[in-house]
Amino acid sequence: LRPSTEYVVAVQSGKGGAYSKSSVESSATTRPGTPQQPVIDETSVKPTQTSVKLEWTVPRDNGPDVTGFVARYASAGGASAGGGEGAVLLDYDGAAHASSGAVNASLSD
């Protein structure tokens, strides 16, 4: 079955090759799937002294439309390198919310 797809189901009972009439049909919609991972465009990564701007390809949804992204970052040397770590929640249009550090981002289709 596919994610976010409505199906109609019915049941029959059987014995020795003989089957009853079908039950009343019922419908059910499968749950949405997990979106595929975004792919960062490596040529778009533009660092400054205090931020990094990047672009990524919006993944296939596997269900309802993707509504946002979480961009995470950490110092390559870990916490001991003093670079810190954090995350920023981005709406689909790139607007940042609940940032725990400076991150610029843009989207590309």
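Any read-out appearing in this document is the output of simple, stated calculations on the displayed coordinates, not a laboratory observation. Computed from a predicted model, the values in this text were never measured in an experiment. Note that each Cβ is placed from the backbone with ideal geometry, even for glycine, and that neighbours are counted across all protein chains shown.
Summary of values
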{"read-out": "Segment residue 85-residue 21, extension gain: residue separation times 0.36 nm, minus the distance between their alpha carbons", "value": "16.8 nm"}
{"read-out": "Cβ-based net charge around residue 46, under 15 Å, with every Lys or Arg adding one and every Asp or Glu removing one", "value": "-2"}
